[in-house]
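Chemist: Before I ask anything, let me first share the structure, which is written out below as structure tokens.
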Amino acid sequence: MGSINERYTERKYENYEVDKIFNIKTKNQTIISEFILVGFATLPELQPLLSFFFLMIYLATITGNLLIILLVIVDHYLHTPMYFFLGNLSCLETCYSSIILPKMLANLFTGHQSISFTGCLVQFYCFGSCVCIETYLLAAMSYDRYLAICRPLHYTSIMHVMVGVQIMIGLWIGSFLANCLTIALLTQLSFCGPNIINHYFCDLIPLEKLACSDTTLVHFVTFLLTVIFTITPFLLTLMSYIAIIATILKISSTTGRQKAFSTCSSHLIVVCIFYGTLIIVYILPDTPSLRELNKVFSIFYTVLTPLINPLIYSLRNQEVHKALRRVRCKIHYFARMQANTFS
């Protein structure tokens, strides 16, 4: 696959203006100012189908997540910590899609697959910050379910909307500040060629591989941030669900167990999809034979998960169904009132 990509790159970019890609020169090396996102360009016959497929996904993702956000805002029955976190998750998924998909669609529709050095770092910074926020957001949602199922009498005194607001403010600020460190280190690296990123967005590992200078410090900081923003929230989420499952198994009635499990099943599915694909992407060995498979799995947590999340919560959540009906009734009532006013 590596040789195929090299032949494709040589064929497509042999006449590319060199001074457009390389514009800063030093004594012994040329500094890259643009990268080429290969994406799915190795499958030119599938370009029209992939363009339509990802466009439909993007439109559906934005529509579904904005609907969840709207419901959480306008329906006062959903003004609880659980749905406040759900609204923030939908906001985060909207950001995810808007960070990656518009650039991917532009590349597919135009065939122009370059991205500036600054644009690449900005894309990675926003994407990495969203990942850090989502890991702790999922942990906060699992803790909310733990309190609701395992400590129901203390739920309202421990978890309320203002606590959720404080948690989310801390997550957004902390995640964006933490990723500033990674970006600062990346800007100190030298990129002197090649400039081909065999991915559909700017991720850390492909960027590190293109660096000409020592990346030891970047690896060390990345490891620390992974421990803080991935492993720690994963363990917190796991501990919450171990306690939840243990409590559910102690419930004597089948109906009670089903009711308790239904309150957290949607979130558990989201957690499994997110962490499952994330682990596969970053655990798989980076070999030529697995590189395309890695790209496919990346689509699951960067593109498909934001689409699936609102579907999971809307299809499996009775409160969301009720909120939809209430909002629909309000719209119909308002429409009738407007019609009577003008008639």
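Chemist: What does the C-alpha gyration tensor say about the overall shape of the stretch 59-148? Classify as rounded when a/c is under 1.5, otherwise prolate if a/b is larger than b/c, or oblate.
Modeler: Numbers: a/c = 3.89, a/b = 1.90, b/c = 2.04.
Because a/c hits 1.5 or more and a/b fails to exceed b/c, the stretch 59-148 counts as oblate.
Chemist: Could you work out the relative contact order of the stretch 172-260, using alpha carbon pairs under 8 angstrom and six or more residues apart, expressed as a whole percent?
Modeler: Averaging sequence separation for qualifying contacts and normalising by length gives 23 percent for the stretch 172-260.
Chemist: Pairing the Cα long axis of helix 81-110 with the longest principal axis of the chain, what angle in degrees results, from 0 to 90 and rounded to the nearest 10?
Modeler: 30
Chemist: Sorting check: for 263-275, 175-187, which peptide has the highest mean count of neighbouring beta carbons within 10 Å, and how do the rest follow? Present the calculation step by step, with values, prior to reporting the outcome.
Modeler: Details: 263-275: 18.6, 175-187: 15.6.
Result, highest mean Cβ count within 10 Å first: 263-275, 175-187.
Chemist: Hey, another quick one. So what is the orientation-averaged projected area of the chain, using the convex hull of its C-alpha atoms, in nm²?
Modeler: Its average projected convex-hull area is 22.9 nm².
Chemist: Rounded to the nearest 10 degrees, what's the angle between the helix 2-13 long axis and the longest principal axis of the chain, both from Cα atoms, 0 to 90?
Modeler: So the helix axis and the longest Cα principal axis differ by about 70 degrees.
Chemist: A follow-up question, please. When only Cα pairs under 8 Å and 6 or more residues apart are kept, what is the percent relative contact order across the chain?
Modeler: In percent, rounded to a whole number, it is 24.
Chemist: Still on this structure, please answer the following. In Å², what does the accessible area per residue of the chain work out to with a 1.4 Å probe?
Modeler: 51
Chemist: Let me ask something else. Leaving out ligands, DNA and RNA, what percent of the accessible area of the chain is carbon and sulfur, probe 1.4 Å?
Modeler: 70
Chemist: Another question about this same structure. On a 0 to 90 degree scale, rounded to 10, what angle separates helix 47-74 from the longest Cα axis of the chain?
Modeler: Result, in degrees: 40.
The values are calculated or read from the model by the stated rules, or taken from the named source; none is laboratory data. Just so it is clear, the structure is predicted and the values come from calculations on it, not from any experiment. Neighbour counts run over all protein chains shown; Cβ positions are idealised from the backbone, glycine included. Protein only, heavy atoms only, side chains kept; ligands, DNA and RNA dropped before computing areas. Shrake-Rupley method; radii C 1.70, N 1.55, O 1.52, S 1.80 Å.
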